[in-house]
1. Tell me which residues, restricted to segment 1-35, are in a helix (DSSP H, G or I) and exposed (fewer than 11 other Cβ atoms within 10 Å of the Cβ).
2. If I filter segment 54-65 for residues that are under 17 Å from the mean Cα position of the chain (by Cα) and either surrounded by 10 or more Cβ atoms within 10 Å (Cβ to Cβ) or in a helix (DSSP H, G or I) (or both), do I get at least one hit?
3. Quick check: is even one residue across segment 43-66 modelled with pLDDT of 95 or more and not small (Gly, Ala, Ser)?
4. Show the residue pairs that are 6+ apart or on different chains and have beta-carbon atoms under 9 Å apart, the first residue being within segment 28-44 and over 14 Å from Lys3 (Cβ atoms), the second being basic (Lys, Arg).
Amino acid sequence: MPKARKQFILDTRKIARVKKLLGASTDTETINTALDILLANAEIARLHEQLAGRIKIKNMDQSTFHG
C-alpha cells in the first residue's frame, strides 16, 4: 500500500473517541482503520444497490434463529 505523510488539523476529541471505539493504539492506526471501515461501507452500499429487488427475503424475524 502506498503511503504518504500528510498534515491535517483534526478534532482531537473525535480522534480519541474513535481510537477508543476501535481499540486502536495510535492516531495513524485510528485514521487508517476508520478509512477502511468507510470504504467497506461504501462497497456494501454499492452491492446492496446492485442487489436491490433481486433477492427476496421471506423471514427477517431473528427470534427464530438459533446458534
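1. Answer for segment 1-35, where residues must be in a helix (DSSP H, G or I) and exposed (fewer than 11 other Cβ atoms within 10 Å of the Cβ): Thr12, Arg13, Lys20, Thr28, Leu35.
2. The answer is no; no qualifying residue exists.
3. Looking through segment 43-66, at least one residue is modelled with pLDDT of 95 or more and not small (Gly, Ala, Ser).
4. Thr30/Lys19
The values are calculated or read from the model by the stated rules, or taken from the named source; none is laboratory data. Because the structure is predicted, anything quoted here is derived from the model rather than measured. Heads up, the Cβs are rebuilt from the backbone with ideal geometry, glycines too, and the neighbour counts pull from every protein chain shown.
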